[in-house]
Amino acid sequence: MAKDYVLLAVVSLLSVVQQAHFAKQVGSARKKYKIAPPSVTGSPDFERIFRAQQNSVEFYPMFLVLFWTSGMFFNQEITSILGLVYLFSRHMYFTGYAESMKGRIPGFKIGIAVLFILFGLSFVAITTCMMDEYFDFNIAKKISKLFP
Amino acid sequence: MAKDYVLLAVVSLLSVVQQAHFAKQVGSARKKYKIAPPSVTGSPDFERIFRAQQNSVEFYPMFLVLFWTSGMFFNQEITSILGLVYLFSRHMYFTGYAESMKGRIPGFKIGIAVLFILFGLSFVAITTCMMDEYFDFNIAKKISKLFP
Amino acid sequence: MAKDYVLLAVVSLLSVVQQAHFAKQVGSARKKYKIAPPSVTGSPDFERIFRAQQNSVEFYPMFLVLFWTSGMFFNQEITSILGLVYLFSRHMYFTGYAESMKGRIPGFKIGIAVLFILFGLSFVAITTCMMDEYFDFNIAKKISKLFP
């Protein structure tokens, strides 16, 4: 069974590396701008990096749920590619935000778009699965009956 | 196998929609109260909305773990209904908190109650599963032996 | 199937109890140091406890992903023990941080070490699984052929 999820697991591991990298960047920014914990304010440069990481933390569980739902109910391979695109968009977001307020926007928009796609794929796959399970309505079967 | 989890997946998708909605409300409040990112202070109205979302972010992984554990080890249908009640309680919490400090309390309490129930159901189901697996003690079998 | 994950589920339930405990500590600290929500500043003692909890919230999804990946692809029992060590390290971190800035360091370092180990185990197990799945390269088989 684990084999059906191995690509999802690979992308999930990568996503952990990214989250850890973001957390580490905040630590480095603390040293650079001399903001000792527990303080989280004092320098706009630090605050942007901190906000970028916080935002990534907030979006991370949403990404994981959509990613695994799409991967389990729709298709592992396509979902994994979309997952990689999402991680790249978050990289753009983080590095852009660290540089300037406006720099956060392109990566953010791409990330949101990927989440919408993962949501749509999950929604269609789950609806199909539920139709089959609860109403015994199998779309694949119906179509194959139309073309005997 | 995916069919055993389809209702859990539906509620999980809904929960993502809610988390995304909360994040969006913070964005709208930023515009309304003119709090430009990365700042997160400056208006008590904005700060309440921001705290409501932050609290929801903090509770989200705990909810997901209890929800899926209960759904996998106890029962999918009952767990899914409890999940919907939790999402509703979080909606109450968020809208209540956005209006006033006291407004956050009813929704919060209902949410905590649901999490306790999900924990209790998971605990019982997991204990039963472990008794069977590691001590070969099958409660269902023992009971059926008592009434031959 | 659920039986293959029952120990992972036990440790996951424990981790939820810990996260809930941390959140409750912040609530108690609010009362003790008279920091009414939505404010999160005003007393260094409160701020350390708040930061300790925030940091635990940030690390929680990363832990869950590595823990379940290692548990599913590598080995349930060893992963569960590592999970317990992680929870203990987080307990050290939180109580240490609540007392002083320096107090957070030992627990933090142990936690990071456990996450690295879980990552390493997941990485090896997933690579092995992928070799077998996509390149039909089964390490166990190759080794057994070397020693017929």
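Quick note: the coordinates plus some simple rules give every number you see, no bench work behind them. Everything quoted here is computed from the prediction, not taken from an experiment. As a convention, Cβ positions derive from the backbone with ideal geometry for all residues, glycine included, and neighbour counts pool all protein chains shown.
When N is the residue count of segment B:64-119, what does its C-alpha Rg come to as a fraction of 2.2 N^0.38 Å? Walk me through the numbers on the way to the answer.
Numbers: Rg = 12.2 Å, N = 56, 2.2 N^0.38 = 10.2 Å.
Relative to the 2.2 N^0.38 Å estimate, segment B:64-119 comes out at 1.21.
Hey, with R₀ at 22 Å, roughly what FRET efficiency would A:MET131 and A:ILE78 work out to, going by the Cβ-Cβ distance, to 0.05?
Working: r = 21 Å, r/R0 = 0.96.
It comes out at approximately 0.55.
Which net charge results for the neighbourhood of C:LYS145, defined as the other residues with beta-carbon distances under 15 angstrom from its beta-carbon, given Lys and Arg at +1 and Asp and Glu at -1? List each step's numbers first, then the result.
Details: positive: C:LYS141, C:LYS142; negative: C:ASP132, C:ASP136.
After counting each charged neighbour, the total is 0.
Longer than 24 Å from Cα to Cα, which of B:LYS102/C:LYS31; A:LYS3/C:LYS141; A:LYS3/B:LYS3; A:LYS109/C:LYS24 are they? Say none if no pair is. Numbers along the way, then the final one.
Working: B:LYS102/C:LYS31 15 Å; A:LYS3/C:LYS141 17 Å; A:LYS3/B:LYS3 18 Å; A:LYS109/C:LYS24 36 Å.
Over 24 Å Cα-Cα: A:LYS109/C:LYS24.
Could you work out how far the C-alpha centroid of segment A:76-148 sits from that of segment B:1-79, in angstrom?
The distance from the Cα centre of segment A:76-148 to that of segment B:1-79 comes to 18 Å.
Over chain B, one equal point on each Cα, no solvent: what is log10 I(q)/I(0) by the Debye formula at q = 0.10, 0.18 Å⁻¹?
Log10 I(q)/I(0), no solvent term: -0.46, -1.00.
How many nm separate the modelled label positions at C:LYS24 and B:LEU146, each set 7 Å beyond the Cα in the direction of the Cβ?
3.2 nm
Which value at 222 nm does chain C reach when only helices count, each DSSP H run of 4 or more adding -39,500 (n - 2.57), with the total divided by all residues and rounded to the nearest 500 deg cm²/dmol?
Values: 5 runs with 116 residues, N = 148.
Rounded to the nearest 500, it is -27500 deg cm²/dmol.
Rounded to whole Å and ordered largest first, report the semi-axes of the equivalent ellipsoid of the protein assembly as shown derived from its Cα gyration tensor (root of 5λ). Can you show the working numbers first?
Values: eigenvalues 257, 133, 133 Å².
Each semi-axis is √(5λ); the values are 36, 26, 26 Å.
If you place +1 on the Cβ of every Lys and Arg, -1 on the Cβ of every Asp and Glu, and leave all else neutral, what size is the dipole of segment A:36-126 about its Cα centre, to the nearest 20 Debye?
Details: 6 positive and 5 negative charges, 34 e Å.
Charge dipole, segment A:36-126, about its Cα centre: 160 debye, nearest 20.
Kyte-Doolittle cut-off 0.5, length cut-off 30 Å along the helix's own axis using Cα: show which whole DSSP H helices in chain B pass.
Details: long enough: B:6-32 (39 Å, 0.66); B:44-73 (43 Å, 0.16); B:76-99 (35 Å, 0.33); B:105-135 (44 Å, 1.58).
Long hydrophobic helices here: B:6-32, B:105-135.
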